[in-house]
Amino acid sequence: MEKEITLASPLPRESSRSKKAASLRTSRWKERSLAYFFLAPSLILFGIFLFYPLLKSVYLSLYLTDPQGRVASFAGADNFKNVLTSEVFYNSLWITVKFILLTVPTGVAAALVLAALSIQKLKFTKLFQFFFSLPMAVSVGTGSIIWMVLYHPTLSILNYGLSLAGIPPIAWLTDPKWALLSIALMTVWLNLGFNYIVMLSGMQSVPEDLYESAKIDGSGSFRTFFRITLPLISPSLFFISVVSIISAFQSFAQINILTKGGPMNSTDVLVYNIYQDAFINYRFGIGSAQALILFVLITLLTIVQFKFGEKKVHYQ
């Protein structure tokens, strides 16, 4: 009887362990169900406005379509061949590269300088911080209308200021030499609020002890900025650089409102060229192929940035 009792004694332990395991699985299932429940609205929106258009673009890039957007015939890789052998595509790509070179370094440098100036404990600092971050509250359409008035041939405040200095007026949006630069200037101002806020938050996160130690060691303002501040805000600089390049690749609204790709295609960036092919010329297959090529270019460039640029980032 004693042997039977000893053999039967582990059974309650095993049953308790199985009950604990079952309850643990149930709690994990409830947590996952709750997580998917809260993620469901975002997943539905991403599926409708991101994943479905992406799959639809892949599908349309393999076909020729009629003016109504209906599939006419299978084209295979012909749409991609036509895009990659088109001078218009490479011209738009080159204009996009020039636009990026005009906007990204200037926007990052301007935000860096303004953040460095406004972080000082001076009078009216909070007021300056408010004005510097104000462009973030302006939409692309509103900002484009504001700068359209500033660039107006006869009502332009900029040309009025140039006339006071004895400089002849500039055809900001109608001269091919100035059109892309004018769009770039407007884009830098439009993105300044976001870049400034990110840069200012990065500078405010630098410990004050480091600055006090630098002062004790006799370090000047410029030396402290380049030896302490810049390395410690390198994550913010890297983030702004990546986001700014992606945003510059996708710029469309300000170009559509101000110049519509002109004059003489001087502002015909890649996204606007896609818009013309797909929604003006009704070549949805060509437009989808260009959109996928743009997607690949942005992805590769972002990977290169993370591969090489992140090595110089100093995380605290």
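The values are calculated or read from the model by the stated rules, or taken from the named source; none is laboratory data. Predicted model only: the values in this text are computed from it and were never measured. Glycine gets a Cβ as well: all are built from the backbone with ideal geometry, and neighbour counts include every protein chain shown. Ligands, DNA and RNA are excluded from the accessible area calculation, which covers all protein heavy atoms including side chains. Shrake-Rupley method; radii C 1.70, N 1.55, O 1.52, S 1.80 Å.
Below are the figures for this structure:
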quantity	calculated
Number of the exception - residue 126 against (1) open to solvent by 70 Å² or more (accessible area, probe 1.4 Å); (2) farther than 23 Å from residue 211 by Cβ	(2)
Top-ranked residue of the stretch 167-183 - restricted to ones that are in a loop (DSSP other than H, G, I, E, B) and in contact (Cβ under 8 Å) with a residue 60 or more places away in the chain, ranked as least open to solvent (accessible area, probe 1.4 Å)	173
Residue list for the stretch 145-166, restricted to those being open to solvent by 60 Å² or more (accessible area, probe 1.4 Å), closer than 24 Å to residue 266 by Cα and part of a loop (DSSP other than H, G, I, E, B)	152, 153, 154, 155
Selection within the stretch 124-144 - more than 27 Å from residue 221 (Cβ to Cβ) and not in a helix (DSSP H, G or I)	138, 139
Residue among 81, 121 that is exposed (fewer than 15 other Cβ atoms within 10 Å of the Cβ), of a type in the set (D, E, K, R) and part of a loop (DSSP other than H, G, I, E, B)	121
Residue within the stretch 236-244 that is in a helix (DSSP H, G or I), open to solvent by 60 Å² or more (accessible area, probe 1.4 Å) and touching a residue at least 24 places away in the same chain (Cβ under 8 Å) present	yes
Which listed residue, of 214, 289, 278, is within 27 Å of residue 68 (Cβ to Cβ), of a type in the set (A, V, I, L, M, F, W, C), without any contact (Cβ under 8 Å) to a residue 60 or more places away in the chain and part of a helix (DSSP H, G or I)	278
Residue in the stretch 201-212 that is open to solvent by less than 30 Å² (accessible area, probe 1.4 Å) and of a type outside the set (Val, Ile, Thr) present	yes
Residue check, residue 294 free of Cβ contacts under 8 Å to residues at least 60 places away in the same chain, in contact with a Leu (Cβ under 7 Å, 6 or more places away or on another chain) and outside any loop (DSSP other than H, G, I, E, B)	yes
Out of 229, 187, 224, 174, sole residue that is touching a Lys or Arg at 6+ places or on another chain (Cβ under 9 Å) and either of a type outside the set (Gly, Ala, Ser) or more than 29 Å from residue 306 (Cα to Cα) (or both)	224
